Amino acid sequence: QVQLVESGGGLVQAGDSLRLSCAASGRTLSYYAMGWFRQAPGKEREFVAAISWTGGSMAYADSVKGRFTISRDNAKNTVYLQMNDLKPEDTAVYYCADARLASPTKYAYEYNYWGQGTQVTVSS
């Protein structure tokens, strides 16, 4: 069983930056891709970013490309999401997830485990 705990969310103004962290326990994250998803009130959960187990391949949603950067530190069993130039439409609960494959994927059904989420609120 893998436990994922997100942190780093908060209330910021448009244009600010935040870095989310996702710490894993119960199993090493190595060999599996990791992803970030988000869910805004009244909307479905959507893909944000994903990273391969080596960290050499990433995928991003078009809405965050150029602003968000996903990275990982396998030695620390931690995945990060650096979010720059935040916009009010980025307001959501952000979840990290552990994939069942090594390559980054945008499909939620390819993720085994999910964290509880961290709230990000961006004011205009």
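If the viscosity is 1.306 mPa s and the temperature 10 °C, what translational diffusion coefficient in µm²/s does Stokes-Einstein give for the chain when Rh comes from Kirkwood over Cα pairs?
Here the translational diffusion coefficient equals 113 µm²/s.
Quick check for the chain: number of Lys pairs with alpha-carbon distance under 20 Å, counting only pairs 8 or more apart or on different chains?
Pairs that pass both the separation and distance tests number 4.
For region 4-73, which trypsin sites (Lys or Arg not before Pro) are both in a DSSP coil and crowded by at most 16 other Cβ atoms within 10 Å?
Those that pass, being in a loop and sparsely packed, are R27, K43, R45, K65, R67.
Let me check against my output: what whole-number percent is the relative contact order of the chain, with C-alpha pairs under 8 Å and at least 6 apart?
Answer for the chain is 36 percent.
Show me, for region 102-108, the HN-Hα J-couplings you get by feeding each phi into the Karplus relation (A = 6.51, B = -1.76, C = 1.60, θ = phi - 60°), rounded to Hz, glycine and proline as x.
8, 8, x, 9, 9, 9, 4
Which log10 I(q)/I(0) values, to two decimals, does region 40-110 give at q = 0.15, 0.17, 0.19, 0.27 Å⁻¹ under the Debye formula with one point per Cα?
Cα-only, vacuum Debye calculation for region 40-110: -0.50, -0.65, -0.81, -1.46.
In a Gaussian network model over the chain where Cα atoms closer than 10 Å are linked, find which of P104, P88, P41 has the largest mean-square fluctuation.
Comparing P104, P88, P41 in a Gaussian network model of the chain, the most mobile one is P41.
Springs between alpha-carbon pairs under 10 angstrom, Gaussian network model over the chain: which of E44, E89, E110 fluctuates most?
E44
Each reported figure results from applying straightforward, stated rules to the coordinates on display, with no laboratory input. Every value quoted in this text rests on a predicted model; they were computed, and no experiment measured them. With ideal geometry, Cβ positions are generated from the backbone for all residues, glycine too; neighbour counts draw on all protein chains shown.
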